[in-house]
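Before any comments, here is the structure.
The values are calculated or read from the model by the stated rules, or taken from the named source; none is laboratory data. In this text the structure is predicted, and so the values were computed from the model without any measurement. No Cβ is skipped: glycine too gets one built from the backbone with ideal geometry, and neighbour counts run over all protein chains shown. What goes into the accessible areas is simple: the full protein's heavy atoms, side chains included, and nothing from ligands, DNA or RNA. Shrake-Rupley method; radii C 1.70, N 1.55, O 1.52, S 1.80 Å.
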Amino acid sequence: MATAYISRTFGTPTDEDKWTLSFWYKKCSPTSGVRVLDADGGGNEGNIGFDATTGKLNFYQYQSSLDTQLITTNVYRDVGAFYHIVVIFDAANGTPADRAQIWVNGERVTTLGTATYPTTLYSQINKSGVVHYIGAKGSASTSYCDGVFSHMNFVDGSALAPSYFGETDSTSGIWKIKINPDVTYGNNGFFLKFEDRTNLDLDSSPNAHTFTTTGTITPTYDNPSNNFATMNPLDNYYQAATFSQGNNT
């Protein structure tokens, strides 16, 4: 998905100010800047992604001024495993610090370098009439995703814990995927499994929303339930090779 993205214009939300995004992502480069979900509203913007320089996770929403911003202290540079990321937004929550949350592999990220929580009922993500981009920075078509997505769920109108989308394996103790989460998606909700190799932007939620793919997305069998051993760009000093196809080539 290095020069491609998926997009859809959102309709009337079930609850603009309450939503959950869950996705599994395997980085192909430790320094890739990834716009996972970008809501481009012509001057206003909402974004969830990884910083290219630091490898930190960030979530922000902007309307005339910065309304929400979370930046992790932890860095996420592992290119050999899938991260499960959950972002929860609930602007009406009575506890300010619970209005915006980031979870990684089933654990809440509480050590934040920046923490600006919403003080108004406003969300650019999940806003009617706004184009939402997956894998790129809005209409500018920059900050392309350099990695592998799997099982992306967007739930409109509910603030859901990561346990709806993942669970701890009783044998290994590893956080693993729930392939068929039991959730109510709401009007704008969707479920992109990225498993139909002929239709990678297929919405498997009951909404069956139509998405638009710009560019060419490369399919792969690498997924959270069958994590491939891939070539490692961190151990590439002598060969200076160019990796592609999710570090399989």
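Structure notes:
- Each 5 Å bin from zero up to the one holding the largest Cα-Cα distance in the range 73-149 carries the following percent of pairs: 3, 11, 17, 20, 22, 18, 8, 1.
- Across 103, 24, the residue with the most accessible area heads the list, and the full order at a 1.4 Å probe is 103, 24.
- Using the Cβ-Cβ distance between residue 221 and residue 77 with R0 set to 30 Å, the FRET efficiency from 1/(1 + (r/R0)^6) comes to roughly 0.80.
- Seen from residue 68, the other residues with C-beta closer than 15 Å to its C-beta sum to a net charge of -4, counting Lys and Arg as +1 and Asp and Glu as -1.
- Here the range 7-107 has 44 percent of its accessible surface on carbon and sulfur atoms, given a 1.4 Å probe and all protein chains in place.
- Environment charge of residue 208, counting only residues whose C-beta is closer than 14 Å and scoring Lys/Arg +1, Asp/Glu -1: -1
- Taking only Cα atoms of the range 85-211, radius of gyration then Dmax in Å: 15.8, 46
- Each Cα pair under 8 Å and six or more residues apart adds its separation to the average, and for the range 54-193 the resulting relative contact order is 19 percent.
- Amide hydrogen neighbours beyond the local backbone of residue 112, cut-off 5 Å, H modeled: 73
- With Cα atoms as the point set, the range 59-114 shows a radius of gyration and Dmax of 12.6, 39 Å.
- Total formal charge among the other residues, if their Cβ is under 10 angstrom from that of residue 135, Lys/Arg +1 and Asp/Glu -1: 0
- Rounded percent of accessible protein surface that carbon and sulfur make up, the range 174-239, 1.4 Å probe: 47
- Reported label for calculated Rg and Dmax of the Cα atoms in Å given (i) 17.1, 55; (ii) 26.0, 90; (iii) 37.6, 124: (i)
- Each of residue 110 and residue 3 was given a label point 7 Å from its Cα along the Cα-to-Cβ line. The distance between the two points is 4.6 nm.
- Per residue value of the accessible surface for the chain (all protein chains in place, 1.4 Å probe), Å²: 45
- Volume per residue of the convex hull around the Cα atoms, evaluated for the range 183-249, comes out as 130 Å³.
- The chain: most fluctuating residue of 128, 170, 158 per GNM, C-alpha cutoff 10 Å: 170
- Alpha-carbon Debye profile of the range 1-106, log10 I(q)/I(0) at 0.13, 0.19 Å⁻¹: -0.51, -1.10
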